[in-house]
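Structure record follows, encoded as structure tokens.
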Amino acid sequence: NCFVPISEIIAVEETEFNKKQRNIGRWQKMTKLHAFTVYYVKKARNHRWRCNHVTFWSVDEHLCNQWIQALKELLEMQKSRPKHLLVYINPYGGKRQGKRIYEQKVAPLFSLASISTDVVITEHANHAKDNLFEVNIYKYDGVVCVGGDGMFSEVMHGLIGRMQKDSGIDQNNPKASLVQCNIRIGIIPAGSTDCICYSTVGISDPVTSALHIIVGDCQPLDVSSVHHNNAFLKYSVSLLGYGFYGDILKDSEKKRWMGPMRYDYSGFKTFLSHHYYEGTIAYQPAKHTHGSPRDKESCRTGCYICKASEKQLAEQQKECGLKHEEGEEEWKVIKGKFLAINAVNMSCACPRSPKGLSPAAHLADGSADLILVRKCSRLDFLRYLVRHTNQDDQFDFPFVDVYRVKCFQFTSKLSEDNESNVMDIGKKRFGQFCRDHPACCCNIVNSTWNCDGETLDSSAIEVRVHCQLIKLFARGIEENGKDEAAYSQSSVEQLL
């Protein structure tokens, strides 16, 4: 017996039954056999999906055609499945394998599932973003990006920006209620880092991601908007990092010729420099959502915390059009010296850090986890970094604080002192000299914000989380050991 849920059948095709397939003695005398093949999702270990198939045959041609027609009608009833996709391929990202990965591994699957595509090979930075402001995006069922996190960021900015433009929303207003983007985004991983794909699917694998797109999965995702002085800077869905992760990115940008190895080199160099930064953080706690960053409730497929936020979001839209009421709530203020300030909308899991920066962060609960790492010794900071690679509680240190927030603001010490004194001016002018000479006791006054792998020029920012602003072709990470049970329970057809 082979149990196949209709929701995870990819395609059904009539098959010619040749002589080589007649390997059962009782069929040898038959002059003609009729057959059809069912292509379906086969779930393997570690969240990996593969396209498998099974062929059924019969001497009754009418019965065979009935099965084919019935199955195709059931597939047509799967309204969430895409029919027409817009595909952007970054041929330069990662190891420059994006075009090959799409043509060899993804395009054949889309063709098998009868999905038509319009493919755009990007030629320069922001090509996809600019193109999304020009094309008729409403004729597509989704937009697929082939590349790394940078390519996804381009597509996300293009789609969100286009939706706000068409709705007359000013993105420069940090308190604006942004319009949700209902056009789903698919990610085919082919970059140096595929954090978003890993955190929403559980694996960075092109075939698995393509199959999630084909079956029409849908995963809402929170997006944070970043502003400076009422001017829009960027959107973020994974990491906003100041201090340690900002310094790594800034240094690695000068060494792109090294490829992915540049992150290891810059990380080691940044760790040895051990710079800390002084500033003030003001935040509003996310009282609307359940749980906390330390409750060990990981976000998984069908997460009840995200479902509750979705219901609450629908009620807000119905009652008050998502009007912000932050002014009525109390802001909490923290001042200090920090080695790292990180805000994450998801766990930020990756192969090197399977649990991520914040293991209990949720994909779609309308909040971000704000992680503050205060000034400490190199040894203590090393112990904190090592915790990201194992199962221990990485927040169990006296110098680490974590809060679940819906918005926050950060101002560096230098920005606070508008009337900069002579010492500040000296640090500004001779900062490079100090960096080149570790014996100098001057601390660098400002770091750089790492926004999903891109640097931000402004150190003083205002961040606001927008609940479920976009949707992905994903379903969240499925629980290990429960995949097979869920697979059997959702079966609606038994093929004998």
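The values are calculated or read from the model by the stated rules, or taken from the named source; none is laboratory data. This one's a predicted model, so the numbers in the text were calculated from it and none came from an experiment. When we count neighbours, we look across all protein chains shown, and the Cβ atoms used for this are built from the backbone with ideal geometry, even at glycine. Surface accessibility is based on the protein's heavy atoms, side chains included, excluding ligands, DNA and RNA. Shrake-Rupley method; radii C 1.70, N 1.55, O 1.52, S 1.80 Å.
Could you look through segment 447-470, keep only residues that are among the polar types (S, T, N, Q) and assigned to a strand (DSSP E or B), and pick out the one that is farthest from the chain's Cα centre (by Cα)?
Ranking the candidates gives T455 first.
I need the full set of residues from segment 214-231 which are of a type in the set (G, A, S) and either open to solvent by 20 Å² or more (accessible area, probe 1.4 Å) or in a loop (DSSP other than H, G, I, E, B) (or both), in order please.
G216, A231
Quick one: R50 ticks every box in (1) at pLDDT 95 or above; (2) not assigned by the TED database to the domain that holds V12 except a single one, so which number is it?
With (1) at pLDDT 95 or above; (2) not assigned by the TED database to the domain that holds V12 applied to R50, the lone miss is (2).
Considering segment 73-90 alone, what residues qualify as being more than 24 Å from the chain's Cα centre (by Cα), more than 16 Å from G216 (Cα to Cα) and in contact (Cβ under 8 Å) with a residue 12 or more places away in the chain?
Across segment 73-90, there are no qualifying residues.
Given the condition open to solvent by 30 Å² or more (accessible area, probe 1.4 Å), modelled with pLDDT of 95 or more, closer than 26 Å to E14 by Cβ and not in a loop (DSSP other than H, G, I, E, B), answer yes or no: does some residue in segment 117-135 qualify?
Yes, segment 117-135 contains at least one residue that is open to solvent by 30 Å² or more (accessible area, probe 1.4 Å), modelled with pLDDT of 95 or more, closer than 26 Å to E14 by Cβ and not in a loop (DSSP other than H, G, I, E, B).
Of all residues in segment 160-183, how many are among the hydrophobic types (A, V, I, L, M, F, W, C), surrounded by fewer than 22 Cβ atoms within 10 Å (Cβ to Cβ) and in a helix (DSSP H, G or I)?
Within segment 160-183, residues that are among the hydrophobic types (A, V, I, L, M, F, W, C), surrounded by fewer than 22 Cβ atoms within 10 Å (Cβ to Cβ) and in a helix (DSSP H, G or I) number 1.
Looking only at residues in segment 364-412 that are surrounded by fewer than 17 Cβ atoms within 10 Å (Cβ to Cβ) and free of Cβ contacts under 8 Å to residues at least 12 places away in the same chain, which one is nearest to the chain's Cα centre (by Cα)?
N390
Tally time: how many residues in segment 256-285 are under 14 Å from R374 (Cα atoms) and open to solvent by 10 Å² or more (accessible area, probe 1.4 Å)?
5
Within segment 184-195, is even one residue closer than 17 Å to R300 by Cα and crowded, with 24+ Cβ neighbours inside 10 Å?
yes
Restricting attention to segment 252-262, does a residue exist that is of a type in the set (G, A, S) and at pLDDT 90 or above?
The answer is no; no qualifying residue exists.
Run down Y138, Y198 and say which single residue is open to solvent by 30 Å² or more (accessible area, probe 1.4 Å), in contact with a Cys (Cβ under 7 Å, 6 or more places away or on another chain) and either touching a residue at least 24 places away in the same chain (Cβ under 8 Å) or part of a helix (DSSP H, G or I) (or both).
Y198
Residues that are polar (S, T, N, Q), part of a helix (DSSP H, G or I), open to solvent by less than 10 Å² (accessible area, probe 1.4 Å) and outside the structural domain of L456 (by the TED database): does segment 233-255 have at least one?
There is no residue in segment 233-255 that is polar (S, T, N, Q), part of a helix (DSSP H, G or I), open to solvent by less than 10 Å² (accessible area, probe 1.4 Å) and outside the structural domain of L456 (by the TED database).
Of K332, K318, which residue is modelled with pLDDT of 90 or more, among the basic types (K, R) and farther than 23 Å from G202 by Cα?
When all the criteria are applied, what remains is K332.
Taking segment 331-346 only, how many residues are under 27 Å from the mean Cα position of the chain (by Cα) and either part of a loop (DSSP other than H, G, I, E, B) or outside the structural domain of K296 (by the TED database) (or both)?
Of the residues in that region, 2 qualify.
Please verify whether segment 205-213 includes one or more residues that are open to solvent by less than 20 Å² (accessible area, probe 1.4 Å), under 30 Å from F408 (Cα atoms) and among the β-branched types (V, I, T).
no
Against the condition buried (at least 19 other Cβ atoms within 10 Å of the Cβ) and aromatic (F, W, Y), how does Y92 come out, does it pass?
Taking the combined requirement at face value, the residue does not satisfy it.
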